[in-house]
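The next block holds one structure in the form of structure tokens; read it before the comments.
The values are calculated or read from the model by the stated rules, or taken from the named source; none is laboratory data. If you're wondering where the values come from, they're calculated on a predicted model, not measured in any experiment. FYI the Cβ positions are ideal-geometry reconstructions off the backbone, even for glycines, and counts take in every protein chain you see. Side chains are part of the model used for accessible areas, which takes the heavy atoms of the whole protein and leaves out ligands, DNA and RNA. Shrake-Rupley method; radii C 1.70, N 1.55, O 1.52, S 1.80 Å.
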Amino acid sequence: MWTRRQSEQRPEQRLQAELRYHFEHLVEDLTAQGLDPAEARRRAQLEFGGLPQIAEECRDVRGHWLEDLRKDLRYTARTLRQSPAFLTVAVLSLALGIGANTAIFTLIDAIMLRSLPVPQPERLVQVTRLSQDGKPTVVSYPLFEFFRDNLKSISGAAVAMASGSTIVMDGAEEEVSTELVSGGYYSLLRLEPAAGRLLQPEDDTVAPAQPAAVISYRYWDRRFGRDPAALGKTFAFLDHVYTIVGVAPERFHGTTAGRDPDFTMPVSMTLSPTQRREDSFNLLDLIARLAPGVSAREADAEVQVIWPRFRERLASAVPEKSRPAILRQRAGVVPAANGFTGLLEEYSQALLVLMGIVGLVLLLACANLSGLLLARAASRQREISIRLALGASGGRLVRQFLAESLVLAALGGCVGLLLAQWFGSVLLALMANGRTLLLSTPADWRVLAFTLGTSLAACVLAGLAPGLHALRTNLNPGLKSPRSDGHQCIGKLLVMAQLAISMVLLVGAALFVNTLVKLYRVDPGVRTDGVAMFHVRFTRYPEAQSLTVRAAILQGLRALPGVASASAGQLIPAGGGIWTRTVQVDGYRFRPDESEEVAFNVVAPQYFITLGTPLLAGREFGERDTSTAPKVAIVNQSFARYFFGNQSPLGRRVTSLNVTYEIVGVVKDTKYFDLRHEAARTLYTSWMQRPGDQPSNYYYFARLLAGDGAGLTPSFDRLVREVDPALRLRREWPATYTATIASELVTERIMALLGGFFGALALLVACLGIFGVMAFQVSRRVNEIGLRMALGASRSGIVSLVMHDVAVMLALGSITGAAAARALTGLAGSMLFGVTPSDPGVFLLAAAVLSVAALAAAWLPARRASRVDPMVALRHE
């Protein structure tokens, strides 16, 4: 320890010795010229300058910035320990901003930026059908085979599809996540097993000798403690018994962000013959690997060449009127280094908007901290003046203030990392909304680099203004008095910046909260309160037994205590999904450019009574509408109005898929796809006339006499087991219809909740900034206030004086913030509903809230100023 200290001191000792040598040499020269030794030393001191200043300049020339930084950090730590309140407020404000930014970036990294942990992920692509806006969609099994067998620009292709969630192992049922994949899935990804082997193409057949399955490393660790004996264990899934043959690599969590399946099994044996054969069953996500030397653009060009062949085959199998719509379908190649993009498409825009919001929160925290540091700099005016008088350079002072903000930013970054873990888990729970959403969000090098960069940016933003202000210090007044009014302009500018940022965040919060409120007020066409629901897992029954099982479930449901009515339907109103079919309507001729598709749903008797959808004309389906009776249908208002105008649709005929239905009823419009879109023209048919449908094709509803049915899951489970011991509930579905509707508004609820939280936080920070600046200014203007009061100023006049300054800052900050908000909120226009980005009511509300809060924050300093004793104030220094 002594040797290290001695080595550190040697350069400094040499510098001091060299300076003393030159000084003494100058004294000797002056003495030799005949001056008195005392006068010679005085003259040498004037000519040579102060030794400490020269030493400081020499250190700067030699580049001892690390030594200076060490001293600055040590001095900063000493001074901050003397101000625990300031340290706590500064660190917490920065931690909130840095933590929120890090949490959002972590999710963006996991969903949007992180490549699959496979060799050469940049060579992976999706070869797929494209939606109208160019996004990849699911494909059918025949289309997968077509691309796999005909594309020369890929070296292989595979498909994946989420499946059921219940297995039976060791005689006990277990809820798991599963995925069905084609046999070449793992070889395409070039993965090696953690144990055993992975699925091979020979495993993916319709009737394998021994069905094989692969488990995830996470499940292997959780369920078996990584015991090799897990290999070879069997379990039942759907109608087959599988054998576990291998474990996936530890770092591999599937090809879809958020899914992370526990079990992976071959797809061919699970798909029905119709699903394997028909082109219309689009269920599968397709991924491929580019052939060596082939680019994604070249592969896309080949797809455009061969796609018309498949598209024309589809068109030839439908009526001529339906062909134009099929011939307009597109296909293409999309990069898939991140895997399938379902979660990305669902949350990418919301995450980017949230990133902008928390970026503003961090900017607000930096402005607030800069104001606090500026106030500290003003209180240290005499110290700064003394340092300047002793020869400290302007750059040296700036570095001192940056060192102070660096310490605060470093502490804020460390606390922010801890807050980011908590905030990220809360946001992930909000996104999941009761679903199983598994995302790997470790604090990897990208997250740590982002946090470090954010902390350094906060350091510069917060410390630069006080440092630059210190350079403007007037030396003589600073030495005479600790007071200085030069900081007031910068302080007011910082307050206006905080008010402007707060205005932007308040406008955003008001827009998102307003959107959520408007969506909840939308009439979906059903009464969601008091309706319980469930869904059964897939079990295949013969056609003759299927209707019997469905009817038994419905009969048992109606017999449960407290159930007023019960029914079933293939689609959930406002549930996020819709089916369409082409129709021909008697007496209506479609134009060549007119779509012949309408929404389609199959429902059980009492469906409209159970869901509270009013019957406007005719009748509901009944037990007489059997498979041998004439085919009947019910239509909604939009269907009747579109095809029949003011005429009654009852008794008119509609043909779809070569089946003709007689319209027997008209019901109120119901929104099936989501609450944002208008109700589609909808055709309902009776499940009694579709005896072959499986029970798992339907959702079952029960309207209760009281309560919402949240606790009825055990009763539902017991009911389906009594109908058939092989039947089980699907646990991932909400037990109430209200929860189902709420699950479709996850993104809107997240934006409203977080937007409101950060808006309130911004308001609090801005109010603290106003309070701090005004309180500091009042303390600096005690003499002026006392003089005014001595000359006859009233207490109300003093309050008006202080509040006038706040009103000016408020007006300028609000106007600037409103202009910025108008420019920025347009970026989130597609996320709004029932309100526009420039809605004047929203801007007025935000301005009013900001004004009330700002004036309230300034009231206490103003009131304190009005109670100053003039005699005490005039003597105040």
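Return one whole number: the accessible area per residue of region 727-766 in Å², for a 1.4 Å probe. Intermediate values should be presented prior to the final figure.
Details: 1390 Å² over 40 residues.
Heavy-atom SASA per residue in region 727-766 reads 35 Å².
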(message) Give me the net charge for the shell around Ala229: Cβ to Cβ below 15 angstrom, other residues only, Lys and Arg +1, Asp and Glu -1.
(response) 0
(message) Which order do you get for Val799, Val517 if you rank them by accessible area with a 1.4 Å probe, largest at the top?
(response) Val517, Val799
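Mind ranking Lys492, Lys671, Lys135 by accessible surface for me, highest first, 1.4 Å probe?
Details: Lys492 55, Lys671 25, Lys135 85 Å².
From most accessible down to least: Lys135, Lys492, Lys671.
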(message) Tell me the Rg and the Dmax, in Å, that the Cα atoms of region 148-234 produce.
(response) 14.7, 47
(message) Along the Cα→Cβ direction, 7 angstrom out, place labels at Arg619 and Ala706. What is the inter-label distance in nm?
(response) 3.5 nm
(message) Compute the distance from the alpha-carbon center of region 828-869 to that of region 169-229, in whole Å.
(response) 58 Å
(message) Given a 1.4 Å probe and heavy atoms of the protein chains only, how would you sort Tyr141, Tyr75, Tyr520, largest accessible area at the top?
(response) Tyr520, Tyr75, Tyr141
(message) Using a 7 Å offset from the Cα along the Cα-to-Cβ direction at both Glu543 and His25, what is the distance between the two label points in nm, to one decimal?
(response) 11.2 nm
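If you stretched the chain out fully between Ala17 and Cys414, how much longer would it get, using 0.36 nm times the residue separation minus the C-alpha to C-alpha distance? Before the final figure, lay out each step's value.
Details: separation 397, 0.36 × 397 = 142.92 nm, distance 4.30 nm.
Fully extending the segment from Ala17 to Cys414 adds 138.6 nm.
How much length, in nm to one decimal, is gained on full extension between Ser187 and Lys518, taken as 0.36 nm per residue of separation minus their Cα-Cα distance? Could you put the intermediate results ahead of the total?
Details: separation 331, 0.36 × 331 = 119.16 nm, distance 4.92 nm.
Here the answer is 114.2 nm.
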(message) For the pair Val241/Ala559, report the inter-label distance in nm, with labels modelled 7 Å from Cα in the Cβ direction.
(response) 3.3 nm
(request) Sort largest first and round to whole Å: the equivalent ellipsoid semi-axes of region 96-255, each the square root of five times a Cα gyration tensor eigenvalue. (result) 28, 25, 16
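What does the accessible area per residue of region 224-280 come to in Å², with a 1.4 Å probe and no ligands, DNA or RNA counted?
Values: 2250 Å² over 57 residues.
Per-residue accessible area for region 224-280 comes out at 39 Å².
Quick one: accessible area per residue over region 632-678, 1.4 Å probe, rounded to a whole number of Å²? Display every interim value, and only then the final one.
Values: 2180 Å² over 47 residues.
Solvent-accessible surface per residue comes out at 46 Å².
Calculated FRET efficiency, His804 and Val89, Cβ-Cβ r, R0 25 Å, to nearest 0.05? Write out the running numbers ahead of the final one.
Values: r = 28 Å, r/R0 = 1.10.
The value I calculate is 0.35.
Provide the gained length on full extension for the span Ser794 to Ala32, in nm with one decimal, where the gain is 0.36 nm per separating residue minus the Cα-Cα distance.
267.0 nm
Using DSSP to call loops (not H, G, I, E or B), can you name the trypsin sites (Lys or Arg not before Pro) in region 140-232 whose Cβ has at most 16 other Cβ atoms within 10 angstrom? Intermediate results must be reported in sequence, preceding the final value.
On the way: sites: Arg148, Lys152, Arg190, Arg197, Arg218, Arg222, Arg223, Arg226; in loops: Lys152, Arg190, Arg197, Arg226.
When the trypsin sites (Lys or Arg not before Pro) of region 140-232 are filtered for loop state and at most 16 Cβ neighbours within 10 Å, Lys152, Arg190, Arg197, Arg226 remain.
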(message) Per residue of region 828-833, what does 6.51 cos²θ - 1.76 cosθ + 1.60 with θ = phi - 60° give for ³J(HN,Hα)? Whole Hz please, x for Gly and Pro, Karplus curve as stated.
(response) 9, x, 6, 8, 8, 8
(request) State the Cα centre-to-centre distance between region 259-299 and region 616-690 in whole Å. (result) 36 Å
(message) Rolling a 1.4 angstrom probe over the protein chains, ignoring ligands and nucleic acids, what is the accessible area of Ser425 in square angstrom, nearest 10?
(response) 60 Å²
(request) Take the alpha carbon gyration tensor of region 505-641, find the square roots of its eigenvalues, order them as a ≥ b ≥ c, and report rounded if a/c is under 1.5; if not, report prolate when a/b exceeds b/c, else oblate. (result) oblate
